[in-house]
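What follows is a single structure, written as structure tokens, with notes after it.
The values are calculated or read from the model by the stated rules, or taken from the named source; none is laboratory data. All values reported here derive from a predicted model rather than from experimental measurement. A quick note on method: Cβ atoms are made from the backbone with ideal geometry, for glycine too, and the neighbour counts reach across all protein chains shown.
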Amino acid sequence: MNRRLFIRFLGVVAGVVLLPLRAFAARPESAFDSTTRDDALTQLFGTPDTIESEHIRIKAPDIAENGAIVPITVKFDIAHAEFVGILAEKNPAPLAAAFKLSEHSGGLVSTRIKMSETSPVHAVIKAGDKVYRATKEVKVTIGGCGG
């Protein structure tokens, strides 16, 4: 077997093996299109009501110099968590990120979001029929949503 044929064979095998590892998720369009926090929560969970929880910790900068790239990490100790949403309340579209969790997911989500201005950032977690929330104020010096 020559080298080119062997490399082509490895490419085909890698494509067949790695293809099932790709994840495709449904995007909750109506929630991302919402213009208020309560509307986004209603679109995601059917209610805007949440329970403040000390089992959710948000790690975000106190002051974000550039609102176009604001790192957010959410750690949580909530059993049977199904869904995590991150909302920047004063953004034109408050829902910044949404994660559907599997039963084997750990209690950590990390991403970067855009923020248009200084705003409370909410981490919202659905577990069973309850929706939990934690909030952290993030000050933005240069807006990242066209501001």
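Residues in the stretch 67-83: is at least one surrounded by fewer than 17 Cβ atoms within 10 Å (Cβ to Cβ) and free of Cβ contacts under 8 Å to residues at least 24 places away in the same chain?
no
Within the stretch 105-116, track down each residue that is surrounded by 17 or more Cβ atoms within 10 Å (Cβ to Cβ) and farther than 13 Å from I86 by Cβ. Step through it out loud before you land on a result.
Of all residues in the stretch 105-116, those surrounded by 17 or more Cβ atoms within 10 Å (Cβ to Cβ) come to 107, 109, 113-116.
If the condition is that a residue be surrounded by 17 or more Cβ atoms within 10 Å (Cβ to Cβ) and farther than 13 Å from I86 by Cβ, then G107, S116 are the ones that fit.
Matching residues to (1) modelled with pLDDT of 90 or more; (2) among the basic types (K, R); (3) under 15 Å from P61 (Cα atoms):
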| site | (1), (2), (3) |
| --- | --- |
| K90 | yes, yes, no |
| S110 | yes, no, yes |
| I113 | yes, no, yes |
| K130 | yes, yes, no |
| R133 | yes, yes, no |
| V140 | yes, no, yes |
| G146 | no, no, no |
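Would you call T42 among the hydroxyl-bearing types (S, T, Y), modelled with pLDDT under 95, exposed (fewer than 12 other Cβ atoms within 10 Å of the Cβ) and farther than 19 Å from V138 by Cβ? Before you say what the answer is, go through the steps one by one.
Numbers: among the hydroxyl-bearing types (S, T, Y): yes; modelled with pLDDT under 95: yes; exposed (fewer than 12 other Cβ atoms within 10 Å of the Cβ): no; farther than 19 Å from V138 by Cβ: yes.
Taking the combined requirement at face value, the residue does not satisfy it.
Report, ordered by the first and then the second residue, all pairs with beta carbons closer than 7 Å, sequence separation of six or more or different chains, a first member in the stretch 126-139 that is surrounded by fewer than 14 Cβ atoms within 10 Å (Cβ to Cβ), and a second member that is at pLDDT below 95.
That search, which allows pairs on different chains as well, returns G128/H80.
Can you report the number of residues in the stretch 88-147 which are within 16 Å of A64 (Cα to Cα) and hydrophobic (A, V, I, L, M, F, W, C)?
9
Quick check on L95: is it in contact with a Leu (Cβ under 7 Å, 6 or more places away or on another chain) and farther than 11 Å from V140 by Cβ? If you could, list the steps in order and put the result at the bottom.
On the way: in contact with a Leu (Cβ under 7 Å, 6 or more places away or on another chain): yes; farther than 11 Å from V140 by Cβ: yes.
So L95 passes the test.
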